[in-house]
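Colleague: Encoded as structure tokens, here's the structure I'll be asking about.
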Amino acid sequence: MEEAGIALFLLEWGLLAILAVVAAMFGSIVGLGGGIIIVPALMLLGPQLTGQEIGHATAVGTSLTMLIVTALASTLSYTKKGIVDFRSGLLLFATSGPAAMIGSALTGRLQGSAFSLSFGIFMLLMAVLLIARDSLKPISRQWPIERNFTDASGKEHIYGYAIAPMLGIGFAVGFISGLFGIGGGSLFVPMMVLLFRFPPHVATATSMFVILLSSALGSGMHGWLGEIDWLLLVALIPGAWIGGKLGARIASRMSGKKLLWLLRVTLLLLACQMIIEGIVKL
């Protein structure tokens, strides 16, 4: 009986580690951070993975804390390749950090049905955005602040922004990040590419840097409120580190289009499941 219990414990930890690797890898490739997969997975699969249900606030707090590890692994890899725009990232963090703390403080105030429904709708919108983003073109507006980046092939990319829109985007994304535990890259990357003409790989890398900083503040708030499952986090962290490294490596070597389509389908399925659960619980 004791051996069976140990075997079950190891199986649960193995499944959690695999979940973390997959979520972190996808998150790192497209700048999502992985939380958009981890949060619904923990809520929906909690009884199968841990033997008990995982509340939405605990899932969000644990996910956001795990994102620190994913974002750190990715940021270190991207920094070695010289594609992180730290200056732009710090500007975004100026508002995303405090906003992440506000969102984190409000997570536990949402009822379970309201959270499931709103998170499902948010994931559905993100899936649609990921599907449509290939056909969307960056705007040609001339911004007051101009930046440039020369990639490994020697090609120069010119992009720019204005401070007020960047701060506004940082606040909105930071708030959503803290509220849902998703990191914020799902909004940062398309906005940086479409509004400010960031090169996609620079937007992804810079997004992970911002996620690293804002997740630290947001998870601190969740920790203060007692909304982090530390044992669950220990099981997820190794996979998050490995997945973050793998994702950054894959992103630098391939377009990731096939993986991106798999992510789109996964988000659609998870979104539908969360919406149904939210409606049932009303």
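The values are calculated or read from the model by the stated rules, or taken from the named source; none is laboratory data. Bear in mind that the values here come from a model prediction, so they are computed numbers and not experimental data. Every residue, glycine as well, gets a Cβ built from its backbone with ideal geometry; the counts of neighbours run over all protein chains shown.
Colleague: Has the range 107-114 got at least one residue that is closer than 19 Å to LYS281 by Cα, assigned to a loop (DSSP other than H, G, I, E, B), of a type in the set (A, V, I, L, M) and touching a residue at least 12 places away in the same chain (Cβ under 8 Å)? Break it down into steps so the answer makes sense when it comes.
Modeller: Our first condition is that a residue be closer than 19 Å to LYS281 by Cα; within the range 107-114, this holds for 107-114.
Restricting the remaining residues to those that are assigned to a loop (DSSP other than H, G, I, E, B) gives 108-111.
Pick out the ones that are also of a type in the set (A, V, I, L, M) and you get 110.
Narrowing the set further to residues that are touching a residue at least 12 places away in the same chain (Cβ under 8 Å) leaves 110.
Looking through the range 107-114, at least one residue is closer than 19 Å to LYS281 by Cα, assigned to a loop (DSSP other than H, G, I, E, B), of a type in the set (A, V, I, L, M) and touching a residue at least 12 places away in the same chain (Cβ under 8 Å).
Colleague: Another question, then. How about the range 194-214: which of its residues are over 18 Å from PRO138 (Cα atoms) and among the hydroxyl-bearing types (Ser, Thr, Tyr)?
Modeller: Correct list: SER214 only.
Colleague: What number of residues in the range 72-127 are of a type in the set (D, E, K, R) and either surrounded by 20 or more Cβ atoms within 10 Å (Cβ to Cβ) or within 19 Å of ALA41 (Cβ to Cβ) (or both)? It would help to see each step written out before you state the result.
Modeller: Of the residues in the range 72-127, the ones of a type in the set (D, E, K, R) are 80-81, 85, 87, 109.
Pick out the ones that are also either surrounded by 20 or more Cβ atoms within 10 Å (Cβ to Cβ) or within 19 Å of ALA41 (Cβ to Cβ) (or both) and you get 85.
Number of matching residues: 1.
Colleague: Of the conditions (1) under 23 Å from ILE169 (Cα atoms); (2) touching a helix residue (DSSP H, G or I) at 6+ places or on another chain (Cβ under 7 Å); (3) at pLDDT 85 or above; (4) not acidic (Asp, Glu), LEU90 fails just one. Which one is it?
Modeller: Unmet condition: (2).
Colleague: Output the residues belonging to the range 36-55 that are part of a helix (DSSP H, G or I) and more than 16 Å from the chain's Cα centre (by Cα). It would help to see each step written out before you state the result.
Modeller: Of the range 36-55, the ones part of a helix (DSSP H, G or I) are 36-50.
Matches in the range 36-55: MET43, LEU44, LEU45, GLY46, PRO47, GLN48, LEU49, THR50.
Colleague: Considering each of GLY174, GLY168 in turn, give the residue that is more than 14 Å from the chain's Cα centre (by Cα) and not aromatic (Phe, Trp, Tyr). Walk me through how you get there before you give the answer.
Modeller: Details: GLY174 fails: more than 14 Å from the chain's Cα centre (by Cα).
Answer to the check: GLY168.
Colleague: Right, next: Considering the range 195-207 alone, what residues qualify as being in a helix (DSSP H, G or I) and modelled with pLDDT of 85 or more? Write out each step before concluding.
Modeller: Taking the range 195-207 as the starting set, the residues that turn out to be in a helix (DSSP H, G or I) are 195-196, 200-207.
Selection gives LEU195, PHE196, VAL202, ALA203, ALA205, THR206, SER207.
Colleague: Then there is this: Among the residues in the range 181-193, are any over 16 Å from the mean Cα position of the chain (by Cα), hydrophobic (A, V, I, L, M, F, W, C), surrounded by 18 or more Cβ atoms within 10 Å (Cβ to Cβ) and within 25 Å of LYS80 (Cα to Cα)?
Modeller: The initial filter retains those residues of the range 181-193 that are over 16 Å from the mean Cα position of the chain (by Cα), namely 193.
From the residues that got through so far, the ones that are hydrophobic (A, V, I, L, M, F, W, C) too are 193.
From the residues that got through so far, the ones that are surrounded by 18 or more Cβ atoms within 10 Å (Cβ to Cβ) too are 193.
Applying the additional criterion that residues be within 25 Å of LYS80 (Cα to Cα) yields 193.
Looking for residues that are over 16 Å from the mean Cα position of the chain (by Cα), hydrophobic (A, V, I, L, M, F, W, C), surrounded by 18 or more Cβ atoms within 10 Å (Cβ to Cβ) and within 25 Å of LYS80 (Cα to Cα), one finds at least one in the range 181-193, hence yes.
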